[in-house]
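Student: Following this message is one structure expressed as structure tokens.
The values are calculated or read from the model by the stated rules, or taken from the named source; none is laboratory data. Keep in mind it's a predicted model, so treat the numbers as computed, not measured. Here the Cβ is made from the backbone with ideal geometry for all residues, glycine too, and neighbour counts use every protein chain on show.
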Amino acid sequence: MYHVNKQGYYGEFGGAYIPEMLYPNVEKLRQEYLKIMGEESFIKQFNQLLKDYVGRPSPLYFAKGLSKKHGTKVYLKREDLNHTGAHKINNTIGQILLAKRLGKTRIIAETGAGQHGVATATVCALADIQCVVYMGEIDIQRQAPNVARMKMLGAEVRPALSGSRTLKDATNEAIRDWINNPVDTHYIIGSAIGPHPYPDMVTRFQSVISEEIKWQLQEKEGRDYPDYVVACIGGGSNAAGTYYHFLDNEKVNIIAVEAAGKGIQSGESAATSQLGKEGIIHGCKTLLMQTQDGQITEPYSISAGLDYPGVGPMHAHLYRSKRGTFYSATDEQAMKAGLELCKTEGIIPAIESSHALAIFEHTTFKEDDIVVISLSGRGDKDLDTYIRYFDL
Amino acid sequence: MNRINRKLEASNKLLSIYFTAGYPDLENTVPIIEQLEKSGVDMLEIGLPFSDPLADGPTIQASSTKALKNGMSSEKLFEQLKNIRKTVEIPLIIMGYFNPILQYGVEKFCQKCQEIGIDGLIIPDLPVDVYHQEYQEVFEKYNLINIFLITPQTSKERIELIDSVSKGFIYMVSSASVTGAKNTFGDAQTDYFKKVEAMNLKAPQIVGFGISNKETFESATEYTKGAIIGSAFIKVVTEKGISGIDPFVKSILS
Ligand SMILES: Cc1ncc(COP(=O)(O)O)c(C=O)c1O
């Protein structure tokens, strides 16, 4: 009910609203992705790389300090400990293996903060395949260390100069590149967005997160599901992976935290489910922030990874069907929650993940509730922002 | 009979021009249309600007951004075109991305188009399958022809499917690329034009993307019903304004 259907929809959301120029590539992917992902050699190679290269399984850490403070049982799913520092690499490992099997010799990707760009550049170096990453000109200025990382890894970083010169424009440029290079190129989308089959494919690669949570909880708590799963949502890939194996288990409450930026009503926000309306963005029918005339608007969040005007179609459906409960955290609430994690647990989180941690500002849990929070990434990339924000 | 069909029956080597509504100035839309007809253009694609035009190259992107800044919108365009059929007879097609149309309301949009005398729509990100299942009835209710694209990568089967749904012409994208002007066509393009010609499709083909001058217009129309000029025309109005239109059209048609 909450998974994608044969036509590529989650309820009324999803589909593939793409120009004809992209049809052959997207259609080929649609026909092949499940077949390839089901091949024994693929599964073996994927799992091996997740283990030896990414460092999986990522720990499920019982956060004693946080638990005590908030009077409940808090577990953190430590995606921050993955190679390259976030969950993004689960997807890029999967997609690079798939691209190779499709006979592609060139990879393109979009990136906002640079996390997905770095994760893509990394797997391209690993697979010895050419890599071009599109990044908004403004983001290139904001995220210099990640630009340097991508370059060191051998990727070419191309500035997106159109529109507002941020993530949505980088995505447009990547799509245009794919239109111009339909034969040799595979586009590695970085979140659970885009035309079908991308949202489902990315979700499946990220679903290793909830697969591990299940057996890890079984070991620690004697049952293989929590009462709550909590994740931040930009496009929704870490959230989709965290929810995946619990979608049909109604005992598990699904909680999403979006970025409210300077406040939902401030005009500077990225809380898509609340501010968005149904429409089409990057080939997908979903909720997105737009003007009355249907022009896509610019989101804002202190965290570059949540700065996307749309949301993956699975999440639009979870929102509409009320299977998921959606909250949003302001910049201030997220930064405070991030700092709290540093002080109580000795972990510096990515600002994206801090939004999930800000859940305690919005709701309370019972003492014996098991609350699993996706700690999607680490804070190294955000040090500049932390320094400026807290005047360190 | 729809004006597009009449035009397709009546003539060959059709010259069609794409321009962005509300560009360079908001109120240029109608004067540009009138001038293009006067200069001898056969058909027009009126671009409804979108914030995120995925299939367009830098020239049309920039014109869209400017047009939106000028205040162009669906509502505004309909208002500007209210009396267009009092002065203009050639087929008029609106070309726009799907999201603004969806927000306006697909049926309301179609109804408005019919009221004004718009003959067809080109919506690059509305795939033929979705159109066929969800929107064909509405389009036909308002006597609007929806135009589909094919590219050199489109399979024979899919071209046949598109042909079967097409009521006007097929928009043949000249090469694997976003919109943008090219100066010449290579053998690959000519082979593709010939290959499609040999399929003897029901719907005539008009070539677009990369047509910029007499040479590319001539080589495209050797095997097809006509050609569409977009980016190269936008450059002309950007540099020379409305007074640049007549000499440009004459240079193609002479
Ligand atoms: C650490 C981290 N978490 C979350 C996100 C948001 O992406 P998604 O919603 O796809 O998980 C990003 C994106 O850059 C990220 O770097």
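Student: If residue A:192 passes every condition in (1) surrounded by fewer than 22 Cβ atoms within 10 Å (Cβ to Cβ); (2) touching a Phe, Trp or Tyr at 6+ places or on another chain (Cβ under 8 Å); (3) assigned to a loop (DSSP other than H, G, I, E, B) but one, which one does it miss?
Tutor: Among (1) surrounded by fewer than 22 Cβ atoms within 10 Å (Cβ to Cβ); (2) touching a Phe, Trp or Tyr at 6+ places or on another chain (Cβ under 8 Å); (3) assigned to a loop (DSSP other than H, G, I, E, B), residue A:192 violates only (1).
Residues checked against (1) within 14 Å of chain B (Cβ to nearest Cβ); (2) surrounded by 13 or more Cβ atoms within 10 Å (Cβ to Cβ); (3) without any contact (Cβ under 8 Å) to a residue 60 or more places away in the chain:
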| site | (1), (2), (3) |
| --- | --- |
| A:2 | no, yes, no |
| A:5 | no, no, yes |
| A:9 | yes, yes, no |
| A:14 | yes, yes, no |
| A:17 | yes, yes, no |
| A:24 | yes, yes, no |
| A:30 | yes, yes, no |
| A:37 | no, yes, no |
| A:40 | no, no, yes |
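Student: Right, something else. Do you know which of the residues in segment A:68-117 that are hydroxyl-bearing (Ser, Thr, Tyr) and crowded, with 19+ Cβ neighbours inside 10 Å is farthest from the ligand (Cβ to nearest atom)?
Tutor: First, the residues of segment A:68-117 that are hydroxyl-bearing (Ser, Thr, Tyr): A:72, A:75, A:84, A:92, A:105, A:111.
Still in the list and also crowded, with 19+ Cβ neighbours inside 10 Å: A:72, A:75, A:84, A:92, A:111.
Numbers: A:72: 23, A:75: 17, A:84: 10, A:92: 12, A:111: 8 Å.
The residue in question is A:72.
Student: Here is a further query. Say we look at segment A:151-171 and pick out the residues that are away from every other protein chain (no Cβ under 12 Å) and part of a helix (DSSP H, G or I); which of these is surrounded by the fewest Cβ atoms within 10 Å (Cβ to Cβ)?
Tutor: Only one residue fits best here, namely A:152.
Student: Could you tell me whether any residue of segment A:36-52 is within 16 Å of the ligand (Cβ to nearest atom) and assigned to a helix (DSSP H, G or I)? Give the derivation first.
Tutor: Quick first cut of segment A:36-52, residues within 16 Å of the ligand (Cβ to nearest atom) only: none.
No, segment A:36-52 has no match at all.
Student: Does residue A:308 satisfy the condition of being within 19 Å of the chain's Cα centre (by Cα) and within 14 Å of chain B (Cβ to nearest Cβ)? Lay out the reasoning, then the answer.
Tutor: On the way: within 19 Å of the chain's Cα centre (by Cα): yes; within 14 Å of chain B (Cβ to nearest Cβ): yes.
Considered against the rule, which asks whether it is within 19 Å of the chain's Cα centre (by Cα) and within 14 Å of chain B (Cβ to nearest Cβ), residue A:308 comes out as yes.
Student: What pairs can you find where one residue is in segment A:186-210 and at positive phi, the other is within 14 Å of the ligand (Cβ to nearest atom), and their Cβ atoms are less than 7 Å apart, with a gap of 6+ or different chains?
Tutor: A:194/A:282; A:194/A:284
Student: A further question on this structure: Go through segment A:118-145 and give me each residue that's within 16 Å of the ligand (Cβ to nearest atom) and at pLDDT 95 or above.
Tutor: Correct list: A:118, A:119, A:120, A:121, A:122, A:123, A:133, A:134, A:135.
Student: Return the only residue of A:244, A:300, A:308 being away from the ligand (no atom under 14 Å from the Cβ) and among the aromatic types (Phe, Trp, Tyr). Step through it out loud before you land on a result.
Tutor: Numbers: A:244 fails: away from the ligand (no atom under 14 Å from the Cβ); A:308 fails: away from the ligand (no atom under 14 Å from the Cβ).
Of A:244, A:300, A:308, the one residue that is away from the ligand (no atom under 14 Å from the Cβ) and among the aromatic types (Phe, Trp, Tyr) is A:300.
Student: Are any residues in segment A:319-337 touching a Gly at 6+ places or on another chain (Cβ under 7 Å) and either within 13 Å of the ligand (Cβ to nearest atom) or among the basic types (Lys, Arg) (or both), and if so, which ones? First the steps, then the outcome.
Tutor: Start the filter on segment A:319-337 by keeping residues that are touching a Gly at 6+ places or on another chain (Cβ under 7 Å), which leaves A:320-321, A:330-331.
A:320 - this is the single residue of segment A:319-337 that is touching a Gly at 6+ places or on another chain (Cβ under 7 Å) and either within 13 Å of the ligand (Cβ to nearest atom) or among the basic types (Lys, Arg) (or both).
Student: Against the condition surrounded by fewer than 24 Cβ atoms within 10 Å (Cβ to Cβ), more than 16 Å from the ligand (Cβ to nearest atom) and over 23 Å from residue A:169 (Cα atoms), how does residue A:291 come out, does it pass? Full working, then the answer.
Tutor: Details: surrounded by fewer than 24 Cβ atoms within 10 Å (Cβ to Cβ): yes; more than 16 Å from the ligand (Cβ to nearest atom): yes; over 23 Å from residue A:169 (Cα atoms): no.
Judged against the criteria, residue A:291 is not a match.
Student: Among the residues of segment B:153-165, are any in contact (Cβ under 8 Å) with a residue 60 or more places away in the chain, closer than 23 Å to residue B:54 by Cβ and under 19 Å from the mean Cα position of the chain (by Cα)?
Tutor: Filtering segment B:153-165 for residues in contact (Cβ under 8 Å) with a residue 60 or more places away in the chain gives none.
Checked segment B:153-165: no residue is in contact (Cβ under 8 Å) with a residue 60 or more places away in the chain, closer than 23 Å to residue B:54 by Cβ and under 19 Å from the mean Cα position of the chain (by Cα).
Student: Which numbered condition trips up residue B:66, out of (1) part of a loop (DSSP other than H, G, I, E, B); (2) charged (D, E, K, R); (3) touching a Phe, Trp or Tyr at 6+ places or on another chain (Cβ under 7 Å)?
Tutor: (1)
Student: Something else: Looking at residue A:196 and the list (1) more than 14 Å from chain B (Cβ to nearest Cβ); (2) away from the ligand (no atom under 14 Å from the Cβ); (3) of a type outside the set (Lys, Arg), which single condition is not satisfied?
Tutor: The failed condition is (1).
Student: Within the bounds of segment B:77-97, is there any residue that is in contact with a Lys or Arg (Cβ under 7 Å, 6 or more places away or on another chain) and within 14 Å of another protein chain (Cβ to nearest Cβ)?
Tutor: yes
Student: Moving on. For the subset of segment B:161-176 comprising residues that are within 14 Å of chain A (Cβ to nearest Cβ) and out of contact with any helix residue (DSSP H, G or I) (no Cβ under 7 Å at 6 or more places or on another chain), which member is surrounded by the fewest Cβ atoms within 10 Å (Cβ to Cβ)?
Tutor: From segment B:161-176, those within 14 Å of chain A (Cβ to nearest Cβ) are B:161-163, B:165-166, B:170-176; that's our starting set.
Okay, now just the ones that are also out of contact with any helix residue (DSSP H, G or I) (no Cβ under 7 Å at 6 or more places or on another chain), so B:163, B:166, B:171.
Details: B:163: 18, B:166: 21, B:171: 26.
Selected residue: B:163.
Student: Given A:229, A:202, A:208, A:183, which one is within 14 Å of another protein chain (Cβ to nearest Cβ) and either among the aliphatic types (A, V, I, L, M) or within 10 Å of the ligand (Cβ to nearest atom) (or both)?
Tutor: Values: A:229 fails: within 14 Å of another protein chain (Cβ to nearest Cβ); A:202 fails: within 14 Å of another protein chain (Cβ to nearest Cβ); A:208 fails: within 14 Å of another protein chain (Cβ to nearest Cβ).
It is A:183.
Student: Shifting gears a bit: Would you point out which residue out of A:373, A:351, A:281 is under 20 Å from residue A:73 (Cα atoms), β-branched (Val, Ile, Thr), modelled with pLDDT of 95 or more and within 16 Å of the ligand (Cβ to nearest atom)? Quick ask: steps written out before the conclusion?
Tutor: Numbers: A:351 fails: under 20 Å from residue A:73 (Cα atoms); A:281 fails: under 20 Å from residue A:73 (Cα atoms).
None of the others qualify; the one that does is A:373.
Student: Any chance segment B:118-136 includes a residue that's more than 17 Å from the chain's Cα centre (by Cα), farther than 30 Å from residue B:194 by Cβ and more than 13 Å from chain A (Cβ to nearest Cβ)?
Tutor: Looking only at segment B:118-136, we keep the residues that are more than 17 Å from the chain's Cα centre (by Cα), and these are B:129-136.
With farther than 30 Å from residue B:194 by Cβ added as a condition, the list becomes B:130, B:133-136.
Among the residues that remain, those that are also more than 13 Å from chain A (Cβ to nearest Cβ) are: B:136.
Scanning segment B:118-136 turns up at least one residue that is more than 17 Å from the chain's Cα centre (by Cα), farther than 30 Å from residue B:194 by Cβ and more than 13 Å from chain A (Cβ to nearest Cβ).
Student: Moving on. Considering only segment A:199-240, how many residues are over 14 Å from residue A:315 (Cα atoms) and either assigned to a helix (DSSP H, G or I) or basic (Lys, Arg) (or both)?
Tutor: Number satisfying all stated conditions: 19.
Student: Restricting the search to segment B:132-157, which residues are farther than 22 Å from residue B:230 by Cβ and surrounded by 18 or more Cβ atoms within 10 Å (Cβ to Cβ)? Quick ask: steps written out before the conclusion?
Tutor: Initial filter on segment B:132-157 (farther than 22 Å from residue B:230 by Cβ): B:132-143, B:155-157.
Result: B:135, B:139.
Student: Right, something else. Would you check if there is a residue in segment B:38-54 being modelled with pLDDT under 95 and at negative phi? So that I can check it myself, show each step before the final result.
Tutor: From segment B:38-54, those modelled with pLDDT under 95 are B:54; that's our starting set.
Retained after the next criterion (residues that are at negative phi): B:54.
Yes; the residues of segment B:38-54 include at least one that is modelled with pLDDT under 95 and at negative phi.
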